[in-house]
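The values are calculated or read from the model by the stated rules, or taken from the named source; none is laboratory data. Source: prediction; values computed, not measured. Neighbour counts run over all protein chains shown; Cβ positions are idealised from the backbone, glycine included.
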Amino acid sequence: MSRWLVPTLYIVFLLLPIYWLLNMSFKTTNEILGTFALIPLEFTLDNYIKIFTDPAWYRGYINSILYVVINTVISVSFALPAAYAFSRYRFLGDKHLFFWLLTNRMAPPAVFALPFFQLYAAIDLFDTHIAVALAHCLFNIPLAVWILEGFMSGVPKQLDEMAYIDGYSFPRFFVKIFMPAVASGIGVAAFFCFMYSWVEMLLSKTLTSVAAKSIAATMTRTASTAGYELGLLAAAGALTIIPGAIVIYFVRNYIARGFSLGRV
Amino acid sequence: MTHIHTTDLAFEDSAFNVLLGATLSGKTTLMRLMAGLEKPTSGEVWFSGQNVTSVPVQKRNIAMVYQEFINYPNFSVFENIASPLRVARVNQSEVSRRVQAIAELLNLSDLLDRDVSNLSGGQQQRTALARALVKEASLVLLDEPLANLDYKLREQLREELPRLFSKSGSTVVYATSEPEEALMLGGYTATLHEGRVVQYGKTIDIYRKPCNLECAKIFSHPPVNIATVSKSNNSISFDGVADWLCPDSLKDNRDGNYTVGIRPHHLTLSGAAANGYSVTVPGTVQLAEISGSGSVIHLQVQGNDWISESSGIHQFSIGEQVDVHMNLNGCLYFDSEGNAVY
């Protein structure tokens, strides 16, 4: 009995906000404001229907997914060779450079919002998907380099040498042998890039206005213009959980190593 | 950093060569230089009459097996073995035929479809060996390939290895730190000490006639027993406790002190002095170990730490005074510089 009690309580507390979000998303705004109920009394799908039919809403998701995917692809493809260099070669200042990468993650994104805004406005990148994707690289490339370096250092250097001895050229070795050998690392790095880019709000909100407006921006702006459409917001919030849940499923066995930045 | 000192070493072509030396003596570095995985700061590497110093690894037509079991983790056993052939663009039916043949030799036929990560250590190393064999490379480098295997597998593979490679006509270089392994593999041996090649020649010649004390030490396990003896005229005197006739090889050398080296199996404690065990010296037992069919006795003889290795199980108590019988045929003599005198 007591063996189950603590984990059960823990899970209940963890899931409570998520449950409440789902609960609200099936209610009308009037019911949310007027009554307190554990389940929706006037069950409605209107909130979801509104999101899937109104372009102002669903474009937010499309825009977000677009820049998140672009960011993930850029981050991982740049981090792969960088992480390989850090894990395999010794060069002047390598340890300092490696640590400096991590410090990029320590600054709050707000610090960079203004310079990015100015820069992108100057070169006509403002309000494009690539703008947000590039801005998020500032945080995601260092993270991906750290995660991948950890996974790569777990692969013995003799594997590289073995391949050269067998006659593999470097590019062929890297694609055919090395990348599959660190496939779980690539998956984890991609997941973390995806998640950070997906939940980041400040930069995406600052760097877009109409054409590439993110879902986070859509949600906040709706709240301020059309009063408090709480049911609609709850439905939109519930939907934002789904992409992360899908992606995490594929890397569920390696996720712990990702949090330790690939180090065992 | 490991350094290889000024070294001239020419391995016998198409033969089984052993690199024998303790850990950190430079075996691996020498192999990496031959493979082209490392560039020498000075000096040259030649293969079959060609200077290959600046030839990249990929172009050298070599194969290598590491001490750690290194295989391509995402390939099946078949693809692991086939990998050098795939890179060389050998056609599918030829790849299939050669891989099957090698797998047969190494008892891997039933495992070809398996994932390498699910194999035992012995099977993984067999796969690595198969990959080295299938390439029919002109130079095969084996860097202590059996060191991480359990002893039964090690003995079995050690027997098979020279046979496997003798058919291919490759020049094989096998690094090991165990003298017995060098003897069992036969062929040629180069002894290494602190980055220097001490001696190179037929394994059995080096074992019988090491060129100096260092080489004798490398090629003896348990370590060779050493003592100082003095020669005057035709007789050799060991600390006043024993005298024997000077061997022919030493007759013409000057009188004075020499170092005698005698391998543990040329010392016996049991029975009467017979069958060539003609010299007897007094000793004190320090430690007695029993190794299955034999006994290893650690002794104190005239202030020297000696070890005797003899067949049969003999029980001694620590501190016991014993007669140590020496076989003079097994004695090696070294001058004051440590060079062997024959």
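Based on this model, can you work out whether A:VAL12 counts as assigned to a helix (DSSP H, G or I), modelled with pLDDT of 90 or more and surrounded by 13 or more Cβ atoms within 10 Å (Cβ to Cβ)?
Judged against the criteria, A:VAL12 is not a match.
When the residues of the range A:225-264 are filtered to those that are charged (D, E, K, R) and either in contact with a Lys or Arg (Cβ under 8 Å, 6 or more places away or on another chain) or buried (at least 18 other Cβ atoms within 10 Å of the Cβ) (or both), which remaining residue is farthest from A:PHE43 (Cα to Cα)? Lay out the reasoning, then the answer.
As a first pass, look at the range A:225-264 and keep what is charged (D, E, K, R): A:229, A:252, A:257, A:263.
Restricting the remaining residues to those that are either in contact with a Lys or Arg (Cβ under 8 Å, 6 or more places away or on another chain) or buried (at least 18 other Cβ atoms within 10 Å of the Cβ) (or both) gives A:229, A:257, A:263.
Details: A:GLU229: 16, A:ARG257: 42, A:ARG263: 48 Å.
Only one residue fits best here, namely A:ARG263.
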Checklist entry - Counting only residues that are within 23 Å of A:GLU161 (Cβ to Cβ) and surrounded by fewer than 16 Cβ atoms within 10 Å (Cβ to Cβ), which one in the range B:88-133 is farthest from the other protein chains (Cβ to nearest Cβ)? => result B:GLY121
Checklist outcome for this item: The residue from A:ILE39, A:ILE51 that alone is in a helix (DSSP H, G or I) and more than 30 Å from A:PHE174 (Cβ to Cβ) is A:ILE51
Checklist outcome for this item: Scanning the range B:71-87 for residues that are within 7 Å of chain A (Cβ to nearest Cβ), within 20 Å of B:LEU105 (Cβ to Cβ) and of a type outside the set (S, T, N, Q) gives B:PRO84
Item to check | Residues (in a helix (DSSP H, G or I) and hydrophobic (A, V, I, L, M, F, W, C)) located in the range B:297-342 | outcome: B:LEU328
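Looking at this structure, is A:SER64 closer than 27 Å to B:ARG86 by Cβ, away from chain B (no Cβ under 14 Å) and among the polar types (S, T, N, Q)? Reasoning before the result, please.
Working: closer than 27 Å to B:ARG86 by Cβ: no; away from chain B (no Cβ under 14 Å): yes; among the polar types (S, T, N, Q): yes.
Spelling it out, it is not the case that A:SER64 is closer than 27 Å to B:ARG86 by Cβ, away from chain B (no Cβ under 14 Å) and among the polar types (S, T, N, Q).
Scan the range B:31-70 for residues that are part of a loop (DSSP other than H, G, I, E, B), among the β-branched types (Val, Ile, Thr) and within 11 Å of chain A (Cβ to nearest Cβ) and jot them down. Before the answer, list the steps.
Our first condition is that a residue be part of a loop (DSSP other than H, G, I, E, B); within the range B:31-70, this holds for B:36-45, B:48-49, B:52-56, B:60-61, B:66-70.
Next, from what is left, pick out any that are among the β-branched types (Val, Ile, Thr): B:41, B:45, B:52-53, B:55, B:70.
Hit for the range B:31-70 is B:ILE70, nothing else.
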Next on the checklist: Is it the case, given these coordinates, that A:TYR196 is in contact with a His (Cβ under 9 Å, 6 or more places away or on another chain), in the same structural domain as A:ALA85 (by TED's automatic domain parsing) and at pLDDT 90 or above?
Outcome noted: yes
Next on the checklist: Condition first: in the same structural domain as B:SER25 (by TED's automatic domain parsing) and of a type in the set (Val, Ile, Thr). Now tell me which residues in the range B:171-222 satisfy that.
Outcome noted: B:THR171, B:VAL172, B:VAL173, B:THR176, B:THR189, B:THR191, B:VAL197, B:VAL198, B:THR203, B:ILE204, B:ILE206
Checklist entry - Regarding B:GLY240, is this residue surrounded by fewer than 22 Cβ atoms within 10 Å (Cβ to Cβ) and more than 24 Å from B:TRP306 (Cα to Cα)? => result no
Checklist entry - On the given criteria, is A:SER75 within 25 Å of A:SER184 (Cα to Cα), in contact (Cβ under 8 Å) with a residue 12 or more places away in the chain, assigned to a helix (DSSP H, G or I) and under 23 Å from the mean Cα position of the chain (by Cα)? => result yes
Checklist entry - Just wondering, is there one or more residues in the range B:139-146 that are within 29 Å of the chain's Cα centre (by Cα), in the same structural domain as B:PRO73 (by TED's automatic domain parsing), assigned to a loop (DSSP other than H, G, I, E, B) and not charged (D, E, K, R)? => result yes
Checklist entry - Which residues, taken from the range A:161-183, are under 14 Å from B:SER83 (Cβ atoms) and in contact (Cβ under 8 Å) with a residue 12 or more places away in the chain? => result A:ALA163, A:PHE173, A:ILE177, A:PHE178, A:ALA181
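Could you pull out every one of the helices (runs of 4 or more DSSP H) wholly within the range A:108-175 that has 2 or more residues that are among the charged types (D, E, K, R), out of contact with any Cys (no Cβ under 9 Å at 6 or more places or on another chain) and within 14 Å of chain B (Cβ to nearest Cβ)? Spell out how you get there, then give the answer.
Details: elements: A:110-122, A:129-153, A:157-166, A:170-173.
Here the list reads A:157-166.
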Next on the checklist: Any residue at all in the range A:68-77 that's out of contact with any Phe, Trp or Tyr (no Cβ under 9 Å at 6 or more places or on another chain) and under 23 Å from A:ALA235 (Cα atoms)?
Outcome noted: no
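Scan A:LEU66, A:LEU33 and give me the residue that is in contact (Cβ under 8 Å) with a residue 40 or more places away in the chain and closer than 23 Å to A:ALA217 by Cβ. Can you show your working first?
Working: A:LEU33 fails: closer than 23 Å to A:ALA217 by Cβ.
Criteria check complete, one pass: A:LEU66.
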Checklist entry - Are any residues in the range B:107-138 without any contact (Cβ under 8 Å) to a residue 40 or more places away in the chain and part of a loop (DSSP other than H, G, I, E, B), and if so, which ones? => result B:ASN107, B:LEU108, B:LEU112, B:ASP113, B:ARG114, B:SER120, B:GLU136
